[in-house]
């Protein structure tokens, strides 16, 4: 199944291939995820495609610098990023996935990002 989404102003658009069936979302308690309300849909890098907006993004790093937080330069929304916790994956912000065509069977699982190796808050 393919889901698509993007940032608020729609300059940045992506597609991700996910398995049919229940979807697991991670609710991380690290400082940046907690403050932004980010819900993680983890997909392998090979199953993610940036459709539009590569030139419209900027990157923010903090703490260990391993995670690449990617934001739209125009509206400031982080619709996806390269997580420290899953180095071979992309984390898609479930809140940025288009509602049309989105699976209904979703489970939210707490994720301890505060105590993950290299965490800063």
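The values are calculated or read from the model by the stated rules, or taken from the named source; none is laboratory data. Source: prediction; values computed, not measured. When we count neighbours, we look across all protein chains shown, and the Cβ atoms used for this are built from the backbone with ideal geometry, even at glycine.
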Which one of these does residue 75 not meet: (1) surrounded by 14 or more Cβ atoms within 10 Å (Cβ to Cβ); (2) out of contact with any strand residue (DSSP E or B) (no Cβ under 6 Å at 6 or more places or on another chain); (3) within 16 Å of residue 113 (Cβ to Cβ)?
-> (3)
Out of the residues in segment 78-90 that are buried (at least 20 other Cβ atoms within 10 Å of the Cβ) and farther than 19 Å from residue 23 by Cα, which is modelled with the highest pLDDT?
-> 78
Residues within segment 49-70 that are farther than 23 Å from residue 112 by Cα and either in contact with a helix residue (DSSP H, G or I) (Cβ under 9 Å, 6 or more places away or on another chain) or touching a residue at least 24 places away in the same chain (Cβ under 8 Å) (or both), tallied = 7
Would you pick out the residues in segment 50-66 that are surrounded by 14 or more Cβ atoms within 10 Å (Cβ to Cβ) and outside any loop (DSSP other than H, G, I, E, B)?
-> 50, 56, 57
If only one of 69, 116 is part of a strand (DSSP E or B) and modelled with pLDDT under 95, which one is it?
-> 69
Quick one: how many residues across segment 72-113 are assigned to a strand (DSSP E or B) and within 17 Å of residue 14 (Cβ to Cβ)?
-> 10
Conditions (1) within 15 Å of the chain's Cα centre (by Cα); (2) in contact (Cβ under 8 Å) with a residue 12 or more places away in the chain; (3) within 23 Å of residue 13 (Cβ to Cβ); (4) loosely packed, with under 15 Cβ neighbours inside 10 Å -> residue 46 fails only (2)
Quick one: residue 8 ticks every box in (1) exposed (fewer than 15 other Cβ atoms within 10 Å of the Cβ); (2) free of Cβ contacts under 8 Å to residues at least 40 places away in the same chain; (3) more than 23 Å from residue 116 (Cβ to Cβ) except a single one, so which number is it?
-> (2)
Every residue from segment 19-41 that is out of contact with any helix residue (DSSP H, G or I) (no Cβ under 6 Å at 6 or more places or on another chain) and either surrounded by 18 or more Cβ atoms within 10 Å (Cβ to Cβ) or in a helix (DSSP H, G or I) (or both) = 23, 26, 28, 30, 31, 32, 33, 34, 35, 36, 38, 40
